[in-house]
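The values are calculated or read from the model by the stated rules, or taken from the named source; none is laboratory data. This one's a predicted model, so the numbers in the text were calculated from it and none came from an experiment. In this analysis, Cβ positions are derived from the backbone assuming ideal geometry, glycine residues included, and neighbour counts consider all displayed protein chains. Remember, those area values only see protein heavy atoms, side chains included, never the ligands or the DNA or RNA. Shrake-Rupley method; radii C 1.70, N 1.55, O 1.52, S 1.80 Å.
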Amino acid sequence: MNSSPQQIFRNAMAACAAGVHVITTDGPAGRYGITMTAVAPVTDEPPTVMLCINRNARILPILQQNRGLCINVLSSSQQDVAEHFAGITALSPEERFEYHIWHRGQSGQLQVEGALAHLHCTIQQEHTVGTHQVFYVSADEILTSTAAIEETSALVYFRRHFMSLP
């Protein structure tokens, strides 16, 4: 089998379990959401997270104009949310917001009810790396439920499948 370096890399990354997040943004450029695993903490002083988004993603120009977002850390019971915002289902981007219960944080960004955590963020920096735009976002408001974090399983993506992690 003659695989390209890109396919070999993708296969290697599929062996890395990753938490599943839905990133939402709402503002002057409109409302949009996307399922992501390329989300990583950078530092806790100040609380900063890195997001890597393909430059062809529809959310990119919306996010760049809105500048605000919410990182929703999904629980294992929210696979349907992940599938909707990953575009796996037939729902349009606007219909995806109709199938779940949403609240707004102090920043006005949408957070999905039942997530393990919500990080309401503002874009601080961004740059291009290959096919992706890398964002460094500061968490201005962080909402968690101790019970949810300690007692609820996380949704992870491993070997191209959603799974539950206790």
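Brief remarks follow.
- Of residues in segment 1-26 being part of a helix (DSSP H, G or I) and open to solvent by 60 Å² or more (accessible area, probe 1.4 Å), the one farthest from Phe162 (Cα to Cα): Pro5
- Against the conditions (1) assigned to a strand (DSSP E or B); (2) open to solvent by 10 Å² or more (accessible area, probe 1.4 Å), Ala57 satisfies every one except (1).
- Exclusive hit being crowded, with 21+ Cβ neighbours inside 10 Å, within 22 Å of Ser145 (Cα to Cα) and at pLDDT 95 or above, set Leu63, Leu51, Leu74: Leu74
- Only one of the listed residues (Phe85, Phe97, Phe162, Phe135) is part of a helix (DSSP H, G or I), aromatic (Phe, Trp, Tyr) and within 30 Å of Phe9 (Cα to Cα). That residue is Phe85.
- Test for Gly108: is it out of contact with any Phe, Trp or Tyr (no Cβ under 6 Å at 6 or more places or on another chain), assigned to a loop (DSSP other than H, G, I, E, B) and under 14 Å from His21 (Cβ atoms): no
- Every pair of residues 6+ apart whose Cβ atoms lie under 6 Å, when the first sits in segment 87-108 and is among the aromatic types (Phe, Trp, Tyr) while the second is in a loop (DSSP other than H, G, I, E, B) and surrounded by 11 or more Cβ atoms within 10 Å (Cβ to Cβ): none
- Hits in segment 138-159 (condition: open to solvent by less than 90 Å² (accessible area, probe 1.4 Å), assigned to a strand (DSSP E or B) and out of contact with any Pro (no Cβ under 7 Å at 6 or more places or on another chain)): Glu141, Leu143, Thr144, Ala154, Leu155, Val156, Tyr157, Phe158
- Scanning segment 27-54 for residues that are in contact with a Phe, Trp or Tyr (Cβ under 8 Å, 6 or more places away or on another chain) and among the charged types (D, E, K, R) yields a count of 1.
- The residue pairs whose first member lies in segment 129-148 and is without any contact (Cβ under 8 Å) to a residue 40 or more places away in the chain, whose second member is of a type outside the set (A, V, I, L, M, F, W, C) and assigned to a strand (DSSP E or B), and whose beta carbons are closer than 8 Å, counting only pairs six or more residues apart or on different chains, are Asp140/His120; Asp140/Thr122; Glu141/His118; Glu141/His120; Leu143/Gln111; Leu143/His118; Leu143/His120; Thr144/His118.
- Complete set of residues in segment 27-42 that are closer than 24 Å to Leu165 by Cβ, in a strand (DSSP E or B) and open to solvent by less than 60 Å² (accessible area, probe 1.4 Å): Gly33, Ile34, Thr35, Met36, Val39, Ala40
- Subset tally (residues that are over 15 Å from the mean Cα position of the chain (by Cα) and at negative phi) for segment 103-115: 5
- Of all residues in segment 90-137, those that are surrounded by 12 or more Cβ atoms within 10 Å (Cβ to Cβ), within 20 Å of Gln78 (Cβ to Cβ) and of a type in the set (Val, Ile, Thr) total 1.
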